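I have placed the structure first, in the form of C-alpha cells, so that the comments after it can refer back to it.
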Amino acid sequence: MSLRLNDTLSGRPKTVRSAPGRPVALYVCGPTVYAAAHVGHARTYLEFDLVRRTLEADGHRVRHVMNITDIEDKLELRARDLGMTWRSLARSEERSFVRDMDALGILRPNFQPRASDFVPEIIRVARRLERTGRVYRQGDDWMYRPPARPPGRNFPTGASLAAHAVLEPDHPLPVSAADRGEFMIWRRQEAPHPSWPSPWGRGGPGWHLECYAMAQKYLGLPVDVHGGGRDLIFPHHYAENEIALALDRRPFSRLFVHLEFVLQNGRKMAKSTGNLVSIEQAIRDGSARGLRWYLMARPYTEPVDWDGADYRRAVEEFESLRGTFGGWLAAGAGGRLGSRPVRALVEGVGRDLIANLRSDRAVARIRDFAHRLAGDPSGRVARGERGAARSAVADLERRTGLSLL
RNA sequence: GCCGAGGUGGCAGAAUGGUUAAUGCGACGGACUGCAGAUCCGUUUCCUGGGGGUUCGAUUCCCUCCCUCGGCUCCA
C-alpha cells in the first residue's frame, strides 16, 4: 500500500512513485509574498505537509521544494504605498510567512528558493523556449505560444473570454493572447521595477519559468508530485507543463494535486479581494494547533467554508482532547489500560492518510478514541505500558503534525 | 462554454458494498411548574435528486441526465 492522491491531469487517483533509489520529488508552489498569508494558504501548505509526513511514515525519503515568488507587480505597488523597496517588503512578508508555517507545525521544505535569486536560470529557460521558434514580441513583452494539443491531454486552456463572448452575444469580447493559452516569458522594464540584464534588454521574467528552473535544479524533471491551490491550475500549472512539454517532451510532473478553496461568505478567500482571515488573526482568535485540527477535519478534495464559530468550537475541542491524552498518560496514574488501543489508533490514522490523504477520517478517529478514553473512569495507562503508549502518541504526532501532548 | 465540489428527514449533517440509514436542532407528548422558561424522560410511521448499470446486496462503485454552489487574465 502506498500513498494515493487525486491527479488533476487524468482526473483519477494515482499512486505516488519515485524513480528507483531516489527520494520522492515534491514541488509545491509557494506564495507571492506581497501581503500576509491567509487561512487558504495555511490549508494548502498543511495538506502538502501531510503528503510529506505520510510518505515518510511509509518509509520514503522526500525532497521537498517550495518557491517564493518575489517578482510581481502587486509587490511593487504595495511597496510604493508603504514607502519601501519591493525587495525589503518581500523579505519582510517572507519572514512572516515562515513564522506562520512554523506555528502551524508545517515542516520546512528542504529548499525554498526565491524567484529573484533565480533570474540567470530563468533566462536560460527563456532562451531554450526561444529556440522552439514559438516566441514572438508584443510591445515590451516576449510571448510564448504553445502548440495546439488534443483535448483531454492537458489542462484546460482557459478560453474564458471567448466562451463568455459566445454566451453573451450582446457583449462580444476580443479573444486575448491569454485566452489562447499564451504567456509572457520576459518583459522589458527599468527601475523602479525590478530588472535584470538579459538578451532582450533590461527587464523581468514571466511568472511560470521560475518553477521550471527551480524544479529542474533541485529535483530534476518530471517531479513526482506537484501542486497547490486549484487557482494555480490555469494559467500557472498549465504554463509550467507547456514549458516542460516543449523543452523535454515530458510533463512537468507525474502527478498534479490541487486543493479545493477555503471560502468565506461563499466566496474564495483571496489576498486580491481582501475577503480573508489572515493566519495571524486566526491564531489570535484561537490557537495554531486548533487551526491545524480545524483544517484537517475536511478532506482536501472538498471546499472549506470558513466559519468563526465552528473554528472556535474546533479549538476548544482540540484543547479538551489534549487534556484527555495528557491525563491518560499522566505519570503515576496507575490505570489498567495497555498501549494496544493507541497503537491501533496510529495504524488506523496511517490507513486514512495513505488512502488519498483522508485527514478528515483521521480526525474523526482521534476524536472517537479520546471520547472513549474520557468516558472510562479507569482510562489511564498502566505503569508498565506508559513508555510504549507515549512512543505511540509521539508517532501519531509525527504522522499528523498535531501536538497532542 | 470549460474545470471542480455538492444534492441524505422540517433544518443542519454522518455513514471506507452488509442489521432497523448515526447524531444534533426543531416539532410533538409527558414529568416538574400557579403559567412559562430551563432541565429531565419519551415520540418523530416520513429522507439517500431522476434514469440506467455492476452486485446476493448500493447512500457508498460505474455511466447518463437534472439542479445548486464555487472558480476560470492577479491568486494557495
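Considering only protein heavy atoms and a 1.4 Å probe, what is the carbon-and-sulfur percentage of the accessible area of region A:4-259?
On the way: 5800 of 11430 Å².
For region A:4-259, the apolar C and S fraction of the accessible surface comes to 51 percent.
State the volume of the convex hull built on the alpha-carbon positions of region A:4-71, expressed per residue in Å³ and rounded to an integer.
Details: hull volume 7.6 nm³, N = 68.
Cα-based convex hull of region A:4-71, divided per residue, equals 112 Å³.
Compute the angle between helix A:340-354 and the longest alpha-carbon principal axis of chain A, please, reported from 0 to 90 degrees and rounded to the nearest 10.
The angle comes out near 10 degrees.
Check cross-link reach from A:K268 to the lysines: straight Cα distance under 24 Å, and skip same-chain residues fewer than eight apart.
Here the lysines satisfying the reach criterion relative to A:K268 are A:K74.
Project the alpha carbons of region A:1-153 onto their principal axes and report the range along each, largest first, in whole Å.
Result for region A:1-153: principal-axis Cα extents of 53, 44, 27 Å.
Going by accessible area, probe 1.4 Å, with all protein chains left in place, what is the ranking of A:E72, A:E210, largest first? Please report the intermediate quantities before stating the final value.
Details: A:E72 60, A:E210 5 Å².
Largest accessible area first, the residues go A:E72, A:E210.
Taking the inverse of the average 1/r across all pairs of different Cα atoms in region A:308-400, what Kirkwood radius in Å do you get? Could you put the intermediate results ahead of the total?
Values: mean 1/r = 0.0728 Å⁻¹.
For region A:308-400, the Kirkwood estimate is 13.7 Å.
Taking the Cα atoms only, what angle lies between the long axis of helix A:209-218 and the longest principal axis of chain A, rounded to 10 degrees?
50 degrees
Nearest 10 degrees is fine. How inclined is helix A:386-400 to the longest principal axis of chain A, computing both from alpha carbons?
Roughly 20 degrees between the two axes.
Roughly how much of A:E240 is accessible, in Å² to the nearest 10, using a 1.4 Å probe?
Surface open to solvent at A:E240 totals about 0 Å².
Please quote Rg/Rh for region A:217-295 to two decimal places, taking the Kirkwood radius as Rh and restricting both calculations to Cα atoms. Provide the component values of the computation, followed by the final result.
Values: Rg = 16.7 Å, Rh = 15.0 Å.
Across region A:217-295, the Cα-based Rg/Rh ratio is 1.11.
Tell me, rounded to the nearest percent, the portion of alpha carbon pairs in chain A spaced more than 28 Å apart.
Beyond 28 Å sits 53 percent of the P(r) for chain A.
List the trypsin sites (Lys or Arg not before Pro) within region A:304-394 that DSSP assigns to loop and that have no more than 16 neighbouring Cβ atoms inside 10 Å. Please list the in-between numbers first.
Details: sites: A:R312, A:R313, A:R322, A:R336, A:R343, A:R351, A:R358, A:R361, A:R365, A:R367, A:R372, A:R380, A:R383, A:R386, A:R390; in loops: A:R336, A:R358, A:R380.
Those satisfying the criteria are A:R336.
Any idea of the accessible area per residue across chain A, 1.4 Å probe, to the nearest Å²? Working shown, then result.
Numbers: 18540 Å² over 405 residues.
About 46 Å² of surface per residue is accessible.
Among the lysines, which have Cα under 26 Å from the Cα of A:K14 when same-chain residues fewer than 8 positions away are ignored?
A:K217
The values are calculated or read from the model by the stated rules, or taken from the named source; none is laboratory data. Given the structure is predicted, the values throughout are model-derived calculations rather than measurements. Cβ atoms come from the backbone with ideal geometry, glycine included; neighbour counts cover every protein chain shown. Quick note on the areas: whole protein, heavy atoms, side chains included, nothing else; ligands and nucleic acids left out. Shrake-Rupley method; radii C 1.70, N 1.55, O 1.52, S 1.80 Å.
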